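Reviewing the structure listed below.
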Amino acid sequence: MPSPLIDPDELRERLPAVTVLDVRYRLGARNGRARYAADTSRAAYVDLDSDLADPPGAGGRHPLPSPDRFVAAMSTAGVRNDRPVVVYDDWSSLAAGRAWWLLRHYGHRDVRVLDGAWRGWLAAGGETETGEPSRPPGDFSGSPGSMPVVDADQVRAAGVLIDVRAPERFRGEVEPVDPVAGHIPGAVNVPLTVNLDEAGRFRDPGELADTYAEAGAARGAEVTAYCGSGVTATQAVLALELAGVRAALYPGSWSGWITDPDRPVATGDV
């Protein structure tokens with residue numbers, strides 16, 4: 001497998017030969033397509049809510065999309081089975097991480113996240129254009145199963161369980177999104193802020209390995225990551241892959257966990 005990251009200079013050199021997906025998204029702000037239409041980089045826009053997730057429900061706020069939904073969205077965006085894909089966003093590679101993870105989950109073998117995201121592209125002098133470029137539909141035909149996944153019945157027995165949310169949400173001191181505060185019992189908190197440097201690029205793999213090893217997520221460990229709705233934890237899965245650790249995702253995450261009132265909830269640091 002290629003590296004899960006690509007830097008702006010390499011992307012610029014490879015642009016004619018790759019499919020680029022713009023996954024710009026902000027929690028609570030549904031204007032990613034408007035920002036895309038204003039300045040793109042030969043990319044096809046992919047909407048997180050409608051293309052990379054099913055409607056909210058028992059699976060949480062962003063359940064994994066049905067195979068029909070996801071395959072159709074990727075084909076519309078021009079994704080091909082035999083053509084490399086690069087994904088980017090303007091949200092610290094959180095939404096792009098979801099697209100990367102799903103494409104990998106569906107068996108695409110060459111998909112990478114733009115390191116530094118959209119601001120990194122601009123800082124490196126990457127070209128932009130306006131409007132939506134026309135492109136032929138792709139032939140993407142993958143099926144899920146290539147990335148490790150756990151469900152609500154498996155998550156508490158999943159070895160090292162990492163909650164990637166902010167520490168105050170993990171402790172249950174605040175909860176700005178979901179109706180219940182706290183975390184899954186047994187989880188350890190490794191917030192997403194540890195993954196990137198000040199420029200928004202992923203930290204050195206050795207540094208990441210040391211950071212996650214302190215939480216028990218060392219090479220060879222059974223590791224699962226979760227967040228609020230199964231989106232931002234994919235950035236941690238990518239960081240762990242850089243560190244040499246293969247991690248599972250709990251897609252329902254906190255918002256799915258709390259849909260069953262019988263499931264236990266922990267607060268505080270443990």
May I ask you to say which residue of G131, G97, G116 is touching a residue at least 60 places away in the same chain (Cβ under 8 Å) and not assigned by TED's automatic domain parsing to the domain that holds L21?
G131
What's the number of the only condition in (1) β-branched (V, I, T); (2) under 12 Å from L192 (Cβ atoms); (3) surrounded by fewer than 21 Cβ atoms within 10 Å (Cβ to Cβ) that T234 fails to meet?
(3)
Criterion first (outside the structural domain of A221 (by TED's automatic domain parsing) and part of a loop (DSSP other than H, G, I, E, B)) does P185 satisfy it?
no
Take the residues in the range 105-120 that are buried (at least 22 other Cβ atoms within 10 Å of the Cβ) and in a helix (DSSP H, G or I); name whichever of them is modelled with the highest pLDDT.
A117
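So that you can scan it fast, the table gives a plain yes or no per residue for (1) farther than 17 Å from S93 by Cα; (2) free of Cβ contacts under 8 Å to residues at least 12 places away in the same chain:
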{"position": "V174", "(1), (2)": "yes, yes"}
{"position": "V177", "(1), (2)": "yes, no"}
{"position": "A187", "(1), (2)": "yes, no"}
{"position": "P205", "(1), (2)": "no, no"}
{"position": "L208", "(1), (2)": "no, no"}
{"position": "S229", "(1), (2)": "no, no"}
{"position": "T234", "(1), (2)": "no, no"}
{"position": "V237", "(1), (2)": "no, no"}
Quick check on the range 142-165: of everything there that is out of contact with any Phe, Trp or Tyr (no Cβ under 9 Å at 6 or more places or on another chain) and in a loop (DSSP other than H, G, I, E, B), which residue is farthest from G256 (Cα to Cα)?
G159
Of everything in the range 19-38 that's surrounded by fewer than 19 Cβ atoms within 10 Å (Cβ to Cβ) and assigned to a loop (DSSP other than H, G, I, E, B), which residue is modelled with the highest pLDDT?
L27
Do we have A215 as modelled with pLDDT of 95 or more and touching a strand residue (DSSP E or B) at 6+ places or on another chain (Cβ under 6 Å) here?
yes
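Residues checked against (1) out of contact with any strand residue (DSSP E or B) (no Cβ under 6 Å at 6 or more places or on another chain); (2) not β-branched (V, I, T):
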| residue | (1), (2) |
| --- | --- |
| D163 | no, yes |
| F170 | no, yes |
| V190 | no, no |
| E198 | yes, yes |
| T259 | yes, no |
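The values are calculated or read from the model by the stated rules, or taken from the named source; none is laboratory data. Quantities reported herein were computed from a predicted structural model and do not represent experimental measurements. Neighbour counts run over all protein chains shown; Cβ positions are idealised from the backbone, glycine included.
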